[in-house]
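Scroll down for the structure; my scribbles are underneath it.
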Amino acid sequence: MSRKDRKFLGMLTPSSNTTLEPVTARMLAGVPEVSAHFGRFRVTEISLSDKGLGQFDLQPMLDAADLLADAGCHSICWNGTSAGWLGFDRDRELCGAIERRTKIPACSSVLALAEIFRLAGVTRFGLVTPYSDDVQQAICANFAREGFECTGERHLGIRVNFDFSEVEPAAIAAMVREVARSRPQAITVFCTNMDGASLAEELERETGIPVYDTIATAVWNSLRACGVDPGRVQGWGRLFRELK
């Protein structure tokens with residue numbers, strides 16, 4: 001396959017994340033001309049401390065984006081959820097800076113999720129995360145500022161980023177089922193180091209509610225940004241079947 005026929009998705013990745021890369025590769029397995037390429041920057045702790053917040057300064061993220069640009073990526077996505085507690089404008093600022101610097105379309109997991117909610121007419125959602133109480137509260141408040149009401153939430157109180165990847169599928173599914181009792185219009189598994197994407201099809205059949213995992217939202221928007229139909233991703237939930 002020649003270069004002109006290939007599409008390269010650039011993904012900015014927390015350094016301690018071990019989930020999003022294999023899940024993304026599996027998600028794209030049926031789209032052979034598309035491949036994902038990852039640039040890391042240091043993130044080890046999710047908290048509202050100065051150390052925790054400082055990990056998401058723009059410069060390290062822009063440096064990682066520069067290296068993805070060297071690979072000729074057709075899009076660059078911040079595959080992480082920090083705008084949930086920092087505010088959505090932080091990702092808008094980041095994406096604008098990446099585009100000015102690299103001339104490549106940029107997106108993020110969180111901004112993609114907001115767009116998905118708007119396309120699907122979602123105003124009430126359920127939230128599943130591994131995060132601490134204060135981070136969870138900040139996420140709910142920032143979604144409310146964007147016009148999205150959290151009707152039910154579950155979280156695990158974990159701060160170490162690596163540990164998110166060790167949350168068992170059964171625990172994720174249990175949280176989704178609990179949140180579904182609040183009858184939201186959609187549920188998000190909001191952490192790109194916790195694999196809710198692999199559970200989406202099963203949980204959607206069981207609950208009747210769309211499950212939007214933030215690894216999946218990153219892939220969905222990255223494909224759109226480089227002109228590939230997201231509907232070609234099959235078996236990963238209603239997001240890819242219903243929203244284009």
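Every read-out reported here was derived from the displayed coordinates using simple, explicitly stated rules and does not represent laboratory data. Computed from a predicted structure; not experimentally measured. Methodologically, a virtual Cβ is constructed for each residue, glycine included, from the backbone with ideal geometry; neighbour enumeration extends over all protein chains shown.
Would you please state the base-10 log of I(q)/I(0) at q = 0.18, 0.20 1/Å for segment 112-213, with intensities from the Debye formula using one equal scatterer on every alpha carbon? The Debye formula, applied to the Cα set alone, gives -0.79, -0.99. When both bridge partners sit in the chain, DSSP labels roughly 5% of those beta bridges antiparallel. Highest-first packing order for the peptide set 187-196, 149-158, 105-114, 10-19 is 187-196, 105-114, 10-19, 149-158, based on the mean count of other beta carbon atoms within 10 Å. Fully extending the segment from residue 137 to residue 45 would add 31.4 nm, taking 0.36 nm per residue of separation and subtracting the current Cα-Cα distance.
Taking 10 °C and 1.306 mPa s as conditions, segment 1-139 diffuses translationally at an estimated 99 µm²/s according to Stokes-Einstein applied to its Kirkwood radius (Cα pairs). Translational D (Stokes-Einstein, µm²/s) of the chain at 25 °C and 0.890 mPa s when Rh comes from the Kirkwood sum over C-alpha pairs? Approximately 139 µm²/s, per Stokes-Einstein.
Averaged over residues, the count of other Cβ atoms within 10 Å places the peptides 29-36, 47-54, 70-77 in the sequence 70-77, 29-36, 47-54, highest first.
Label separation (residue 97 vs residue 59): 1.0 nm, computed from points 7 Å beyond Cα along the C-beta direction. Annotation: the antiparallel percentage among DSSP beta bridges lying fully within segment 1-142 is about 0.
Charged neighbours of residue 52, selected by a Cβ distance under 13 Å, balance to -1 (K, R count +1; D, E count -1). So for segment 121-162, considering every pair of alpha-carbon atoms, how many percent are separated by more than 12 Å? Cα-Cα pairs of segment 121-162 separated by over 12 Å account for 58 percent. Taking all Cα pairs closer than 8 Å and separated by 6 or more residues, the relative contact order of the chain comes to 22 percent. Listed by chain and number, the aspartates and glutamates placed with their C-alpha closer than 13 angstrom to that of residue 7 are 33, 229; residues fewer than eight positions away on the same chain are left out.
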